Amino acid sequence: MQNMSPENGAINLLRNCADARPGERLLIAYEAPEYGYFDAASVGVVTRAAQSIGLKVDTLDVGFDPDTPQLSPALRERFNTADIVVFLARLGDQLRFSEMPAGKRVVVSFALSEHQFGSGFANGHHAAFLALKDAVNRVFHGAGRVRITCPRGTEITGRPQMNMTSAGDTSVRRFPMSVFTPVPAHSFSGRVALGFLTGTGSRYYDGYSTEFDAPVFARLDQGRLTGFEGQARDVARANAQYDRVAARFGIDRDFVHSWHAGIHPGCGFPWDMRRNWERWGGAAFGNPRILHFHTCGAYAPGEISWNVIDPTIEVDGLILWDRGAFMARRLPGGPEILAQYPCAEALFQQPDTDIGLREAG
């Protein structure tokens, strides 16, 4: 792919996601790099890109609140003076299913570092992945039967009952666009193979993740968790995690809300996931090697996620994900989308398969 650079990735965000025009006012709401999530260079990358296309730039440190994220009075006041708000902060992700002030173009960045802004993840044309998302949504909306499997033994089937209204998706723009609209889980049943449990980025808490010694199978029945199977110690860990998180937040322990898989082959995670589970959960899920369930809480995204590695997704007999590879050309309209956007086609030809998995220890 030609002309990949951090600034070009940020221009892709501003022009093709935020619809920025010269003379408009941009507010960058950021969290300090000391929190270990966004790096120290990202604000500068977006600022330089914005200034290069004629935007007026303001910045505001919005900090990080793990439990009770909200739009502070100071941030709401700064919203009033902006045309576009870009969140380089987890606050935007935490509030992505909430209502934002009207009349503003609000973008949450899932590119967390200068490296990611300079990669194919941020440089693949945003419109290409919007089009692929819409094409996938249409396929699931019309599907009669979907089957999900993985090499570790996942076996889930159901008929999607998609919510294609705006209420079925987030209230903000996401960059890069890396998943389709979540598929409600209430019509799916089977078992999901898990190597770990981790949070969803909604709220953050001590003991955010727990790993298992061997695969654990979560039993799913029409959108309800009915139990775990596996080694006794691992099953006890899984149940303890659900008991603790559900009690802490007063939520429906066994509710499984929805699922989606990654559609962006440029979405690499070049760090060890175990060094920062929160960062992994907020950035890696857009890779097609990951299928992600929202669980524990009767709302999106819930508080505990299931992550199926290298899924195969079969829709009415057509395999659209094949052991972690998204077969975009098999979508109705897929070849035309990729022909229109050669930068996206190049990413599918050479996908980034690094999702942060490293040997334990």
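The values are calculated or read from the model by the stated rules, or taken from the named source; none is laboratory data. Everything quoted here is computed from the prediction, not taken from an experiment. Note: ideal-geometry Cβ built from the backbone for every residue, glycine included; neighbour counts use all protein chains shown. Remember, those area values only see protein heavy atoms, side chains included, never the ligands or the DNA or RNA. Shrake-Rupley method; radii C 1.70, N 1.55, O 1.52, S 1.80 Å.
Calculate what fraction, in whole %, of the accessible area of region 1-139 sits on carbon and sulfur atoms when a 1.4 Å probe is rolled over the protein chains.
Details: 2640 of 5600 Å².
In region 1-139, the share of accessible area belonging to carbon and sulfur is 47 percent.
Give the average over all directions of the projected area of the C-alpha convex hull of region 111-153, one decimal, in nm². Don't skip to the end; give the middle numbers.
On the way: hull surface 20.0 nm².
Directional mean of the projected Cα hull area for region 111-153 stands at 5.0 nm².
Once ligands and nucleic acids are excluded and a 1.4 Å probe is used, how much of residue 125 is accessible, expressed in Å² to the nearest 10? Rounded to the nearest 10, the figure is 60 Å².
Using helices alone, I'd like the mean residue ellipticity at 222 nm for the chain: each DSSP H run of four-plus residues gives -39500 (n - 2.57), total over residue count, nearest 500. Before the final figure, lay out the partial values.
On the way: 11 runs with 94 residues, N = 361.
Dividing the helical sum by the residues of the chain leaves -7000 deg cm²/dmol.
Can you give me the Kirkwood hydrodynamic radius for region 16-61, using every pair of distinct Cα atoms, in Å to one decimal? Display every interim value, and only then the final one.
Details: mean 1/r = 0.0887 Å⁻¹.
Radius from the Kirkwood sum: 11.3 Å.
Scattering from region 147-255 was approximated by placing one identical point on each alpha carbon and applying the Debye formula without solvent; log10 I(q)/I(0) at 0.10, 0.20, 0.22, 0.24 1/Å stands at -0.35, -1.27, -1.36, -1.38. Summary of the geometry: region 218-268 and region 315-361, compared by the centres of their Cα atoms, lie 26 Å apart.
Sorting the segments 81-91, 196-206 by their mean number of nearby beta carbons within 10 angstrom, highest to lowest, gives 81-91, 196-206.
Using only the Cα atoms, work out Rg/Rh for region 1-106, with Rh taken as the Kirkwood radius, to two decimals. Walk me through the numbers before you get to the answer.
Numbers: Rg = 13.6 Å, Rh = 14.2 Å.
Rounded to two decimals, Rg over Rh is 0.96.
Here the translational diffusion coefficient of region 228-289 follows from Stokes-Einstein with Rh set to the Kirkwood radius across Cα pairs; for 4 °C and 1.567 mPa s it amounts to 92 µm²/s. Computed over the chain, the alpha-carbon pair-distance distribution with 20 angstrom bins reads 31, 60, 9, 0, each value a whole percent.
What's the extension gain from residue 323 to residue 161 if we count 0.36 nm per residue and subtract their Cα-Cα distance? Walk me through the numbers before you get to the answer.
Values: separation 162, 0.36 × 162 = 58.32 nm, distance 2.41 nm.
Gain on extension, residue 323 to residue 161, equals 55.9 nm.
Could you work out what % of the accessible surface of region 198-289 is carbon and sulfur, using a 1.4 angstrom probe and leaving DNA, RNA and ligands out of the count?
Numbers: 1530 of 3460 Å².
Exposed carbon and sulfur together represent 44 percent of the surface.
When only Cα pairs below 8 angstrom with a gap of at least 6 residues are kept, region 30-136 shows a relative contact order of 29 percent.
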